[in-house]
Amino acid sequence: DALLLAGAFTLLRFFVSYFARREALGEGDIPIAATMGAVLGLELALFGVFLAALLALPFALLEKDEERQIPFVPYLALSMFIVYMFDGYFLAFLENLYA
């Protein structure tokens with residue numbers, strides 16, 4: 001799971017940076033994503049990445065300066081902590097969602 005998420009984030013970084021013509025993800029996001037995959041497993045890690053994006057969204061929308069980039073690592077770490085602490089609730093939610 002760790003290799004899968006690290007590879008996915010590496011490909012995401014490559015393709016988004018290529019098409020956006022600027023750096024999309026920092027290098028610190030890849031090890032954090034791999035750690036999420038190793039600790040949480042694939043399903044919960046993907047849910048954690050989605051939660052991190054939701055947590056970062058208000059701050060990204062409020063940022064006035066387009067040249068300034070918001071780091072994604074703190075949101076990944078916070079979402080990993082939240083999902084790790086409440087993993088039973090998130091697994092039950094995912095099971096009810098796809099059942």
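The values are calculated or read from the model by the stated rules, or taken from the named source; none is laboratory data. The shown structure was predicted, so the numbers you read here are calculated from the model rather than taken from an experiment. Reconstructed Cβ throughout: ideal geometry from the backbone, glycine too, with neighbour counts over all protein chains shown. SASA here: full protein model, heavy atoms, side chains in, ligands and nucleic acids out. Shrake-Rupley method; radii C 1.70, N 1.55, O 1.52, S 1.80 Å.
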Tally, over the stretch 54-75, of residues that are among the aliphatic types (A, V, I, L, M) and either at pLDDT 95 or above or not in a helix (DSSP H, G or I) (or both): 3
Candidate set: the stretch 10-31, residues that are touching a helix residue (DSSP H, G or I) at 6+ places or on another chain (Cβ under 8 Å) and open to solvent by less than 50 Å² (accessible area, probe 1.4 Å); chosen: the one modelled with the lowest pLDDT: Ala24
Members of the stretch 32-55 found to be open to solvent by 30 Å² or more (accessible area, probe 1.4 Å) and more than 13 Å from the chain's Cα centre (by Cα), listed by number: Ala38, Val39
In the stretch 5-27, the residues that are touching a Pro at 6+ places or on another chain (Cβ under 8 Å) and outside any helix (DSSP H, G or I): Gly26
Residue within the stretch 33-53 that is closer than 21 Å to Ser17 by Cα and touching a Phe, Trp or Tyr at 6+ places or on another chain (Cβ under 7 Å) present: yes
